[in-house]
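Report on the following structure.
Every number here is computed from the coordinates shown, using simple stated rules; none is lab data. What you see is a predicted model, and the numbers here were worked out from it, not measured in a lab. Glycine also receives a Cβ, built like all others from the backbone with ideal geometry; neighbour counts cover every protein chain displayed.
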Amino acid sequence: MHIIISPAKALDYDTPAPKVNTSETRLTIETQVLAKILKGYSPEQLESLMKISSKLSQLNYHRFQLWDYPFDAAQTKEALWAFNGEVFNGIQAKTFSEKDNVFAQDHLRILSGFYGLLRPMDAILPYRLEMGTKLENSQGKNLYEFWGDKITSLLKQDMNELGSEVLINLASNEYFKSINKKTLGKRIISPIFKDAKNGQYKVISIYAKKARGLMTRFIIQNQITNPEDLIGFDAEGYYYHEGLSKKDQPVFVRDYQP
């Protein structure tokens, strides 16, 4: 069983990561192509392309200008600790044991518009490039066309090496669209998280993002390899709701908002 999650826009390169067996990114040729394209963009062009503030465009302009491969190890950080959003707040990787880290490295993958497919311990340089960005390239007009089936093929290779036949999709729709389900050829389970609001259960984005991280943590720390065991997820008040669930779309609800 493998898990996929989305990256975060926010990064944390200030807090030291734990000492782990660092790995290298694997789709480096493709990332170098993207870096070369983005090096040619001015701060103003990045602001328009990414729909970000002037301050963020200046930051990412300098990131891309300084980006070089092979990486300077002193400037990198492992992906699992480099990202700093709601999903990763739910994962709380800083509390992982060595056993947890080993399981995560084998079973968890992070989708990325810039790096393609990341393992938790892959060392990366800071960047910003969301999968939905309409970046013109030699393969087409966006990153989905740029990556094609390369992300899917690498994910399938990882799953085959471990004998995984089930993919737990905890990524956003924007990132999951980079996976070709037919090419992957695996069973895909996409959990849904809902919170009570005005007498109904609804998907509330900020809570759902953290819940994806909480479930990722639940799978890793319990070393779950049987998808049927997912219904035991009960972090922060969530519980499995059989009545709302469908095949390969288990629904977890919470009766209060924090």
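Brief remarks on what is shown
- Some residue of region 177-194 being among the polar types (S, T, N, Q), within 17 Å of the chain's Cα centre (by Cα) and crowded, with 21+ Cβ neighbours inside 10 Å: yes
- Of residues in region 210-245 being among the polar types (S, T, N, Q) and touching a helix residue (DSSP H, G or I) at 6+ places or on another chain (Cβ under 7 Å), the one surrounded by the fewest Cβ atoms within 10 Å (Cβ to Cβ): Q223
- Some residue of region 14-33 being surrounded by 21 or more Cβ atoms within 10 Å (Cβ to Cβ), part of a helix (DSSP H, G or I), in contact (Cβ under 8 Å) with a residue 24 or more places away in the chain and not acidic (D, E): yes
- Count of region 34-73 residues which are hydroxyl-bearing (S, T, Y), surrounded by 17 or more Cβ atoms within 10 Å (Cβ to Cβ) and free of Cβ contacts under 8 Å to residues at least 12 places away in the same chain: 0
- Test result for L80, crowded, with 17+ Cβ neighbours inside 10 Å and either in contact (Cβ under 8 Å) with a residue 12 or more places away in the chain or over 30 Å from A235 (Cα atoms) (or both): yes
- Within region 233-248, restricting attention to residues that are in a helix (DSSP H, G or I) and charged (D, E, K, R), the residue that is farthest from I168 (Cα to Cα) is E236.
- Any hit, region 190-203, residues being within 27 Å of E145 (Cβ to Cβ), out of contact with any Gly (no Cβ under 7 Å at 6 or more places or on another chain), assigned to a loop (DSSP other than H, G, I, E, B) and not charged (D, E, K, R): yes
- Test: residue in region 102-109 that is part of a strand (DSSP E or B) and not aromatic (F, W, Y): yes
- Restricted to region 111-153, and to residues there that are of a type in the set (D, E) and touching a strand residue (DSSP E or B) at 6+ places or on another chain (Cβ under 9 Å), the residue that is surrounded by the fewest Cβ atoms within 10 Å (Cβ to Cβ) is E145.
- Filter pass, I179 being in contact (Cβ under 8 Å) with a residue 24 or more places away in the chain and part of a loop (DSSP other than H, G, I, E, B): yes
- Of all residues in region 114-132, those that are in a loop (DSSP other than H, G, I, E, B) and either touching a Lys or Arg at 6+ places or on another chain (Cβ under 9 Å) or acidic (D, E) (or both) total 11.
- Conditions (1) out of contact with any strand residue (DSSP E or B) (no Cβ under 8 Å at 6 or more places or on another chain); (2) crowded, with 17+ Cβ neighbours inside 10 Å; (3) closer than 22 Å to F218 by Cβ; (4) not aromatic (F, W, Y): number failed by K156: (3)
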